[in-house]
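J.: If you scroll down you'll find the structure; I have some questions about it.
The values are calculated or read from the model by the stated rules, or taken from the named source; none is laboratory data. Computed from a predicted model, the values in this text were never measured in an experiment. Virtual Cβ from ideal backbone geometry, glycine too; neighbours counted across all protein chains shown.
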């Protein structure tokens with residue numbers, strides 16, 4: 001079960017570090033229920049602090065009101081529409097960025113000349129904080145979807161490139177030699193041996209990028225927005241409608257959680273061979 | 001007309017920084033079709049390097065390898081190199097069946113019977129039936145090596161190059177696999193070059209044993225192994241001719257590493273024994 005909880009935090013506890021250090025005596029405490037209990041307790045605290053006047057502020061509505069605002073927003077479409085728009089941008093940017101990242105990573109990892117040529121550029125661009133890029137990019141791409149998709153793709157590409165290159169470099173030369181002795185061409189070797197062998201590492205990059213994509217989408221919509229969930233949050237804040245503001249934040253939190261969970265499930269399917277192999281060692 | 005597989009004055013020099021290291025110095029050997037040749041040598045003598053050059057995996061510094069009249073410049077379709085590290089050589093993301101299917105995918109060889117059917121035959125041949133849907137990590141070392149052999153056979157090579165194939169499996173499995181491989185070799189009329197440091201293995205399996213000297217290696221001697229076939233795991237090893245061949249090879253191999261005892265030293269020891 002320690003592994004299960006570890007997976008939720010996106011880091012499989014394969015070595016068993018947490019299991020060894022933090023062994024709990026009560027089996028009930030080792031289940032996933034414990035994690036949810038803390039969330040529920042904090043939400044209850046929120047509810048009580050607002051209802052019972054522990055915290056008096058116009059901007060601190062009880063959680064139950066936030067929940068109803070969320071429900072209303074989703075049904076009326078006031079929340080659902082911007083959420084859908086944000087998701088569409090995020091997914092487009094993520095798909096574009098991650099596919100570019102994988103292709104670029106495979107090339108950089110295998111073609112040495114290209115690596116010498118391109119890596120310095122990547123290293124120079126990588127530390128750039130994305131929000132800083134948005135204003136100049138507006139001049140070229142406008143305020144619409146093109147800008148946001150580009151920014152998201154740009155944010156996604158780097159972790160994927162770095163992890164792909166790392167994965168490719170780590171491949172044992174015996175695997176490559178095996179492909180060669182069976183007469184596999186370079187292209188075949190790349191697709192049938194290098195890509196699957198680097199997959200565990202690529203997936204790690206893809207997972208980091210997934211949360212990055214969500215963050216970037218929301219930030220981009222806040223800086224240059226006329227729609228989307230990030231814009232909704234800002235509008236609710238300006239309009240002093242805290243319930244709606246928190247409702248939008250809640251939506252993002254839930255979406256982020258679900259995306260990560262979906263990714264972990266998908267990854268577990270793709271990398272079934274890898275996780276079991278790890279557990280065995 | 002030269003031999004089926006001929007190694008012609010191969011040498012290999014590695015450059016590490018400013019230092020050059022001569023691993024192989026002019027090695028020549030001719031191997032006939034369906035012959036089983038073992039290359040024996042102390043560890044670090046460049047046996048694997050030689051085998052990888054024959055396989056077309058690394059280029060020689062000088063000399064050339066000819067297979068069936070054609071110079072080997074890249075891994076030939078007809079030749080498969082079986083890596084020593086079978087556990088690293090199997091594709092961990094593929095089941096046994098899919099590993100065995102790999103050469104067929106590469107050759108685009110899906111005529112006639114289904115690929116699956118053919119793979120299952122190769123898997124049966126190495127005694128792995130029932131394990132075809134397992135992943136490599138679910139198999140023991142010996143089973144992994146069987147899977148690697150099945151995959152090599154699926155490429156339908158005429159030459160099998162094996163780099164210490166049984167050095168990492170347990171002693172009993174080793175005996176089983178040696179017999180299995182001899183069966184396959186005879187049945188498929190393969191040409192085998194086996195690199196090993198195990199004198200026992202070389203004598204038991206091969207038609208000829210080529211002994212390498214220490215670096216830069218040259219061929220120190222070639223010994224014909226005229227033991228009758230099929231060879232038996234136990235009986236062959238107990239025969240007088242096996243023991244004498246083994247004795248001779250082991251003797252040369254050990255003498256190369258350290259000078260043998262001088263007559264004086266021998267006398268002292270014998271005196272000591274007499275007094276004690």
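J.: Quick check on this structure: which one of B:120, B:82 is more than 8 Å from chain A (Cβ to nearest Cβ), farther than 28 Å from residue B:56 by Cβ and surrounded by 16 or more Cβ atoms within 10 Å (Cβ to Cβ)?
T.: None of the other options fit; the residue is B:120.
J.: Something else: I want to confirm something. Restricting to segment B:1-35 and keeping residues that are modelled with pLDDT under 90 and not in a strand (DSSP E or B), which single residue is farthest from the chain's Cα centre (by Cα)?
T.: If we take residues in segment B:1-35 being modelled with pLDDT under 90 and not in a strand (DSSP E or B), then B:18 is farthest from the chain's Cα centre (by Cα).
J.: What's the number of the condition residue B:174 fails, among (1) modelled with pLDDT of 90 or more; (2) in a strand (DSSP E or B)?
T.: Condition not satisfied by residue B:174: (2).
J.: Another question about this same structure. Among B:92, B:136, B:103, which is within 12 Å of another protein chain (Cβ to nearest Cβ), modelled with pLDDT of 90 or more, surrounded by fewer than 20 Cβ atoms within 10 Å (Cβ to Cβ) and touching a helix residue (DSSP H, G or I) at 6+ places or on another chain (Cβ under 9 Å)?
T.: The match here is B:92.
J.: Of everything in segment A:93-107, what is over 18 Å from residue A:213 (Cα atoms) and either touching a residue at least 60 places away in the same chain (Cβ under 8 Å) or not in a helix (DSSP H, G or I) (or both)? Give them in sequence order.
T.: A:104, A:105, A:106 - these are the residues of segment A:93-107 that are over 18 Å from residue A:213 (Cα atoms) and either touching a residue at least 60 places away in the same chain (Cβ under 8 Å) or not in a helix (DSSP H, G or I) (or both).
J.: Further question on the same structure: Which numbered condition trips up residue B:179, out of (1) over 16 Å from the mean Cα position of the chain (by Cα); (2) in contact (Cβ under 8 Å) with a residue 24 or more places away in the chain; (3) away from chain A (no Cβ under 14 Å); (4) farther than 20 Å from residue B:55 by Cβ?
T.: Result: residue B:179 passes all but (1).
J.: Separate question: Being closer than 13 Å to residue A:204 by Cα and within 14 Å of chain B (Cβ to nearest Cβ) is the filter here; which residues of segment A:157-179 pass it?
T.: Listed by number, the list holds a single entry, A:167.
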